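S.K.: One structure, pasted below without further comment.
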Amino acid sequence: MLSKKYKIKTPLLTQKTPVFKTIIFLIILISLIFAFLLDLALGSVDIPVKEVIKILLGQEVEKVTWTHIILKFRLPKALTATLAGAALGVSGLQMQTLFKNPLAGPFVLGISSGASLGVALVVLTASATTPTLLADLGIISDFGLVIAASLGAASVLGMMLVVSRRVQDTMTLLILGLLFGYATSAIVSILLQFSSKERIQSYIMWTFGSFAGVTWKQLVVLIPVILLSLLGAVLQSKSLNALLLGESYARSLGLTVQKSRFSIIASASILAGAITAFCGPIAFLGVAIPHLCRSLFNTSDHRILIPSVTIMGAILALFADLFSQLWVSQMVLPLNAVTALIGTPVVTWVILRRNSQKYFPS
């Protein structure tokens, strides 16, 4: 268990007992259920929550069209938002602990840029290489973009995993990840200069981020990947707690630091890469959510943080999806615009508090 001196000192939350923390956990769990039902109920067509529950239970409702809307469109979107928020939040928590940097996020290793490069190579070069044939084969489709993004993210992940075996210092690894990200972004910028307006528009729409494009067939792949990776993160709780106290201390506890870093990087990269591949690059959630949970539970213990970040991430992603639809009448805002509005105040708060509060032990 972590020593008390390593817990975040939040003046308003210094007297929390285990019972009180359990109550908070139950509250956010109930909030997740509420947010999930609300995301299913509200939209261009409002459906009463009572009717939504009936549809989920397989019962008959007043209008058949409601069942079609919920099961075919809104339920896959809500499930995707839940998975995305949980995955990005946990990935961000892992990165912040590994690098001991409160501003580290799930895309710090260039995973988002790698996925963007994969999509760009397919979308932006299609106009120059038999576009009609590619379209007939379905390569320029939503699923084709998912494959391209997955391959791009996996390529960067592979390079980072190779580098992690040779580099001992985590800050050096962080810098190399940023360099990989800049390099892939540069290639994308070059491709943009030689592409048609239609291809550029398709790519830009993907970069806005969206939970609505994921189908049931894609969820069959996404759900097990995210759940297994989240389970892996839970199993890493003790390793993350040990690394939080410093690599020297972790070694004294018998932890193989290099092996632990490798597994943490793999887990965080898969979580971030899978969501980026299916939903586009979604910013800020991975940075903001861990800080909210640290303050809410007044702890740095990953046995508490990982479950709470999973739930809180899902809640914020669901509300971000909801606000993107309801903010402007008859219009869907870019998801990244909404997550930026959520994440920017949190990141600003972290920067302003950084000098007076110690999030990570030195």
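S.K.: Taking 1 over the mean of 1/r across every pair of different Cα atoms in the range 211-310, what Kirkwood radius in Å do you get?
M.R.: That comes to 15.0 Å for the range 211-310.
S.K.: If we sort 300-307, 331-338 on the protection proxy, mean other Cβ atoms within 10 Å, highest first, what's the order?
M.R.: Put in order of decreasing packing, that is 300-307, 331-338.
S.K.: Full extension from Ser44 to Ala266: what is 0.36 nm times the residue separation minus their Cα-Cα distance, to one decimal in nm?
M.R.: 76.0 nm
S.K.: For Arg165, what charge total do you get from the other residues with a beta carbon under 12 Å from its beta carbon, if Lys and Arg give +1 and Asp and Glu give -1?
M.R.: It works out to a net charge of +3.
S.K.: Moving to a separate point now. Filter Lys77/Lys197; Lys72/Lys100; Lys63/Lys217; Lys21/Lys72; Lys54/Lys217; Lys63/Lys197 down to the pairs with a C-alpha to C-alpha distance above 32 Å, please. Walk me through the intermediate numbers first.
M.R.: Numbers: Lys77/Lys197 29 Å; Lys72/Lys100 42 Å; Lys63/Lys217 26 Å; Lys21/Lys72 37 Å; Lys54/Lys217 24 Å; Lys63/Lys197 42 Å.
Flagged as over cut-off: Lys72/Lys100; Lys21/Lys72; Lys63/Lys197.
S.K.: Here is a follow-up. Name the shape class, rounded, prolate or oblate, that the alpha-carbon gyration tensor gives for the range 145-299, where a ≥ b ≥ c are the square roots of its eigenvalues, rounded holds for a/c under 1.5, and otherwise prolate holds if a/b is larger than b/c and oblate otherwise.
M.R.: Because a/c hits 1.5 or more and a/b exceeds b/c, the range 145-299 counts as prolate.
S.K.: Right, here's the next one. Computed on alpha carbon atoms, what radius of gyration and Dmax characterise the range 256-346, expressed in Å?
M.R.: 15.1, 54
S.K.: Karplus couplings for the range 107-123 from phi (6.51 cos²θ - 1.76 cosθ + 1.60, θ = phi - 60°), rounded to Hz, Gly and Pro as x?
M.R.: These are the phi-based 3J(HN,Hα) values: 9, 5, 8, x, 5, 4, 5, x, 5, 4, 5, x, 5, 4, 4, 7, 6 Hz.
S.K.: Something else: Would you mind counting up the charge near Leu255? Only other residues with Cβ under 13 Å from its Cβ, with Lys and Arg at +1 and Asp and Glu at -1.
M.R.: Net of charged neighbours comes to +3.
We did not get these values from a lab; they are worked out from the coordinates using the rules stated. Everything numeric here is computed off the predicted structure, so don't read it as measured data. Backbone-built Cβ (ideal geometry, glycine too); neighbour counts: all protein chains shown.
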